[in-house]
Each structure stands twice: as structure tokens, then as C-alpha cells.
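The numbers here are math on the coordinates, done by the rules we state, and not lab data. This structure is a prediction, so every number in the text was calculated from the model and none was measured. Here Cβ is always computed from backbone atoms with ideal geometry, including for glycine, and neighbour counts include all displayed protein chains.
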Amino acid sequence: MSVARGIYRHGDLRRLLHPQSVAIVGASQRPGAFGERVLANLAGKYGGRVYLVNARYEMIGENKCYPSLSALPEVPDCVMICVAREQVEPVVEECVAVGAGGAIVFASGYAEVEKPGRAEQQARLSAIARNARMPLIGPNCIGVNNYTLQARVTFMPPDDVPVPGPGAIGIISQSGAIGFGLEQAWRRGIPISHVLTNGNACDVDAADYVSYLADDPSCSAIALVFEGMAEPTRLIEAAEIARAAGKPVIACKVAVGEHGAKAAMSHTGSLAGSQAAYRAAFERAGIVMVDNLEALMETARFFVKAPPPTAKGVAVLVSSGGAGIVAADNAEKHAIPLPQPNEAAREVLVASIAEFGSPRNPCDVTAQVMNDPDVLPRCANAMIADPAYGAMLIPMVYSTPQTHVRLPMYAEVGAQAGKPIVMVWMSDWIEGPGSMEVEQNMGLCLFRSMDRAFAAMAAWHKRAEMLAEGPRVAVRRVSGEAKSAAAALIAAVSGSVLTEREAKTALAHYGIPVVQERLVQSAAEAAEVAVAMGLPAVLKVESPDLPHKTEAGVIRLNLKSAEEVRAAYDAVMANARKVSPPPRINGVLVQPMVPQGTEIMLGARVDPLFGPMVVVGLGGILVELLKDTTVGLAPVTQNEARKMLTGLKGAAALRGFRNSEPVDIEALADLIGRVSEFIADHRDTVAEIDINPLICAGSRILAVDALIYRSN
């Protein structure tokens, strides 16, 4: 059995990933063999010492070949294991015996093939490495590259990647082919410091790589292609290390299917699946998440180049009215403000731009700039000096051999203002003249999509806000006595589901305001209670076997008289008796009809990977129709809960819509925090909580329906 371990830090992996010596076990002279390819890659610019190990040869070409690792003249830092799967385990054991700095296993056919015994073989490799605390990469791995050393430790074909310059990006990918494909961004001017792949990750994983690059001075930003891992909280810990080091982590999460949602018991479970959990966890850790692979390198390069934002507004300077419209559309999509220029800037624009142009934002200088080249710098300087703008966006609609001429001017404008110049390459001549120069200029940020440009700027603002908030401080809202009382109530329930009444009683211990109700056993009693509470009334059959009451037809709303209440009682009881198999019926709940307000769904669940989570969205039927929800790792702070609410697409409904009363955001955020504490406190006994809806109007917030599902 392998021992548990913490995250590898830079010092733990330095010998393996920054090796002064490399041994190739399974070195070969056969063309195309992995051992032959690795040697060819290292025989180029790598300045370290390379040793060949293969008992079948005395020499391979002009290189001496040793029979074993123990026969080498020194202990190698990095051991490349290029032998068949059946031979790997003893080689790993020999690596440990000689004290190697680490090993990389190319061989495939382990846990990924799901054949009998293969997962056990992989587990043994993990145990050997972890028990000795010797880092092991793979198996089923393509290899790694460190371009500060020109160490291309892989069997992939050689590529003449230059030594990284300023602002280099370190690439981490569980998929080797994707990682090495991203590496080729160097051909369009993006410097690369490392490519780190991990295959099956029996030992070294993406979290270890993030931790390593966080403290590597040659890497300015980390681009991560992430599929998933058994302990993703390790990645969150590594991201915290990167954040402390001031190193942005940009991640593209692939494999986004919501398999966990299929087994969900409630709205909460179906709306807080695996992708939502990862997004919430990444946000908590300060990881910038992009939605597609094409955005990864562009966004990482932007975060390298862009200084901290000074304002949320963006100035858009175009020579094409159509490009300005495209920019405005995408700014609105990503909630990026395009404020109008101040008086000083407007005076310059009006004086400089032809009457058929637009001295607004977006600012259209028209094609007249071809006749008066001074218009562009005058307008650009005037707009970027406006304190309402934290960046300037310039669409590059048409590429010509003269495109690069204006680039130094734009870079100087941005440098003097201390603000990034974002250039969107709209020409379909993707690698047209000027594109390489923009990419290589540290003052210019290149995107090949208007959508991705504004998405990156939105993430830039969001990350800056998080960093400005400082360390996260959680303040507990609920007393220990309330926690114990709720725990006792949950324990007293024999079934897997707490009824609505039981759930609301438990939640009330945490300060969740719930609607008044009484359980009755007859139509006459229902009418009497309803009149005493105040009409109109609501009736609901209470049964632990009918958690979804609407579908069963056992709810009646807005009952305005005693006669209506009596008739409704008979109707819901009749419907309940039609259900097969016959449900257990405790009686009928009588509640007052709560006045209208904004309906909110609030829930929580225990995620199998990330633990307790809270989810909020527009409630009622809209939660299923719109799926407009946000998710946070529980417990959440008041600020985090507030951001969850303002992050909803339908957040305008909370501020008052069509004469509805605005919702008290702070009070609602406090309730989210209390529910998040509930699920965090009872994570071992509660699987899901579903409060749908909360009816909110001003400071009046009431839970009118709730369910709690116990853990199995």
C-alpha cells in the first residue's frame, strides 16, 4: 500500500524536472524506438549529461551503454524508463535503490485499459515511488520538456523551441498530445518555459506540476488542461501556492459531462453537478477558468502582459463601424462597461474625427486614418487617459504588410498610461503580417476572437477583485446548540427523506425563516386551522414517500374559503391514495398562502469530490427552465454569498422588476451562508437540501417548501 503524501513542492521535483543528468533505460539504436527518440531529442541542445542503459549493448553509436543504473558513474537526476510494461516495475525499484531524482514511465496498458490486474500493477508503481518519496511521472506518459535547459525529455518528434524569453508560459496537460500541441504556440510568438504531462498520474499529478511552476522563475503563468483527478482538492491547494507566488493559473476543464447529476435526488443535485463543482472550487482558489481550449494560451498570455486593472471600463477604438458593433455586443455579453469618454477626451475626438465617424465609445475613426495617420495616436492617447478606462481594445480587421507599422505607437500609448492594449485579430488571415509582432510585444495583447478578448478581461477584473479582498475570513453564524438540535432531529428520522415539516424544523434551528403550518387529520380540522391562520390557505399531503408533491397532485394553493379547504383536503387525499405503491401518509399540512415575491431556489449537497456545496438560483419552475444557478463551496462567507446572487443571469429580478419589491440582498446572502453552514456541519448525515422556493419581497424571506435527503 502506498503512503499518503502532500503536494510536491519545487524542491521535491527539481532534480526530475530540471535535471543535470538523464539516464535512458531501454536505450536503443532501432529507429523509431522510444529510447532512440529520447536520445535524439537530448542529443541536440541539452547541455546536461546523458547516460544510456541497456545490458544488450556496449555502445550505441558513439555513446557508451551501461548494463544498469547502479553501473552509472553518477546517480541520475531523471530516469527515462523506455522499456515494456512487464519490465517497468524492477526498473522503478532500481531507481529507488540508487537514489534517482525521479523517473518517467512511457509504457501504456495499465489502469487505462481496464484489464484484470493492470490497475494493481499501476498501484504497485505508485506504492514503490510514494513509499520512497521518489517522484514518478506516468505511466502512459509522453514526457516533459524544460526549455530553460533545452531538455526535451520525450519521444515526441523534435521541435526547435527557443529558450524562453520574458513572460513565458508553463503548460500542464493530462493529455500529452494536447500539451505538445499547445507548445507549438511558440511558432506564433508565445514563449514556452515547460510542457509537463502526467499520463495516468500514479504519483506526480497536475497539482504537483502547478506547485512546481508556481516557484519556477522562468514561468510567468500556468496554462492547465485538466480532465479530472481523484483528489481535486490537491489542485486547489496547489493553486493557493501559485496565488501566494503571484502566478496566475489559467485552466481549461475538459470531460465536462454531468454523470453525477443522473443520480441526483433533487433540483439541487441536478444543478450542482461535477462541472459546477469544479468551477466553484477553481473560483475559490483563484484559478481562471476558460470555456474552450482555443482560449487557453491567449488568456494565459494576456494575464502575463496585463498589469492590474485600474478601472472596469474599456475604450474601443475602431476604423470599422462593424467591428465596433461586434465589440459592443461582446462587451454586453460579458458585462464589461463601455462608458462614454469624458469631456477632455471627447473634445479631442470631435476635433480629430470626420463628421461621418463617431466620437463616442466605441470610437470609429473611419478609414480616414489612412490619409491622416496622426488621428489614431491622438484619439488613442485621449481615450486611454480617461480614468474610466482600464484597457483599450483595438480590432485588427484587415491584415497588410504595413500592419506592423502602427504597433509600436499602440504599445507606447499603453505603456505611458500603464494600461493594456487588447488587439483582436479579426482577419481570417490568421497568421497574417503583424500577428507575430503583436504576440511578441509585451505591451500588446492578442486575441483571435472578440468573445475571448472580453471574457479574458472579465476574468481579469474578477481575479483582481479577489486578490484585493485579501485572505478569506469565514465568520460562523450558527451556535453549537443549534447545530446539536438539528443533528438530533436528523438522527431521529428513520427514513432516507425528511418530510417538508421535519426539514423546515431542522432548518429553522439555523435561523432559516419558514412558513407557519399545522398538520391536520380531517377536512373539518383543515378548514378550522386555515380560517384561524388566515385565508387564503395552502394544503399539502405530508408523506415521506412523496417528496415531489406537485407531480403527485397532492398540493392545492390559494384556497379562499372553508368550503374550498374542505374540498381540497378530500381531493389531495384521494390523489395520494392513487399512488402505487401506497405511500405512508402522516396527514395534511395547512399553511397560509404567502404573498407573491421573487422566488429563489436555495439548496446544498455533498459532492463526492469537493464535499459540501451550496447552490442558489431563480426558483419555482424557472430553476428547471433556465438553469440559472451559481455554486459555492460550503461554508461561504457573506461576500461570497453576495457574489453568488449578483452572478446570476437573472440578478435583475432581485433588484426589483416590473414593480416587484427589491429583495434584501444582504439578508438573502445571510440565509445562503446559514444553509451552507448546515450542509458543512452535517455532511456525514445529509446528502442534499432543497429549499424551493424561498419567497422574497424586501426583507421578508420565507421558505415555503423544503426537503432534506439523508446520506445512505
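Quick look at the values:
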| quantity | calculated |
| --- | --- |
| Among A27, V92, I190 - extreme Cα towards positive end, dipole of the chain, charges at beta-carbon | V92 |
| Euclidean distance of C-alpha centroids, segment 344-362 and segment 21-63, integer Å | 65 |
| Ranked list, fewest to most other Cβ atoms within 10 Å of each Cβ, for V316, V163 | V163, V316 |
| Those GluC sites (Glu not before Pro) in segment 528-620 that DSSP places in a loop and that have at most 14 other beta carbons within 10 Å | none |
| GluC sites (Glu not before Pro) within segment 638-687: DSSP coil, no more than 14 neighbouring Cβ in 10 Å | none |
| Under 15 Å, Cβ to Cβ, from G61 - net charge with Lys/Arg +1 and Asp/Glu -1 | +1 |
| Whole-Å semi-axes of segment 1-58's equivalent ellipsoid (Cα gyration tensor) | 27, 16, 10 |
| Gain in span if fully extended, E661 to A127, counting 0.36 nm per residue against the direct Cα distance | 186.2 nm |
| Cross-link pairs K504/K578; K578/K649; K540/K643 - those with Cα-Cα distance over 30 Å | K578/K649; K540/K643 |
| Percent antiparallel among DSSP beta bridges (both partners in the chain, rounded to 5) | 50 |
| Convex hull volume of segment 460-503 per residue (C-alpha atoms, cubic angstrom) | 146 |
| Low-density loop positions, trypsin sites (Lys or Arg not before Pro), segment 593-673 - DSSP coil, at most 12 other Cβ in 10 Å | R658 |
| Charge dipole (debye, nearest 20) of segment 10-301; +1 at Cβ of Lys and Arg, -1 at Cβ of Asp and Glu | 220 |
| Over segment 10-301 - Rg/Rh using Cα atoms and the Kirkwood inverse-distance radius | 0.98 |
| Student exercise, segment 95-252 dipole from Lys, Arg, Asp, Glu Cβ charges, in Debye to nearest 20 | 140 |
| Mean Cα-pair separation over length for the chain, i.e. relative contact order, pairs under 8 Å, 6 or more apart, % | 9 |
| For the chain: span of alpha carbons on each principal axis (Å, largest first) | 101, 77, 40 |
| Cα centroid of segment 504-535 to Cα centroid of segment 318-339, whole Å | 53 |
| Segment 480-592 - percent relative contact order, Cα under 8 Å, separation 6 or more | 33 |
| Leading residue at positive end of dipole, the chain (Cβ point charges), from I600, A168, L489 | L489 |
| Normalised convex hull volume, segment 665-711, alpha-carbon set, Å³ per residue | 55 |
| Over segment 307-469, relative contact order from alpha-carbon pairs under 8 Å, at least 6 apart, % | 26 |
| Debye log10 I(q)/I(0) for segment 475-562, one point scatterer per Cα, at q = 0.11, 0.17, 0.21 Å⁻¹ | -0.40, -0.85, -1.08 |
| Within segment 598-710: Cβ-based charge dipole about Cα centre, in debye rounded to nearest 20 (Lys, Arg +1; Asp, Glu -1) | 280 |
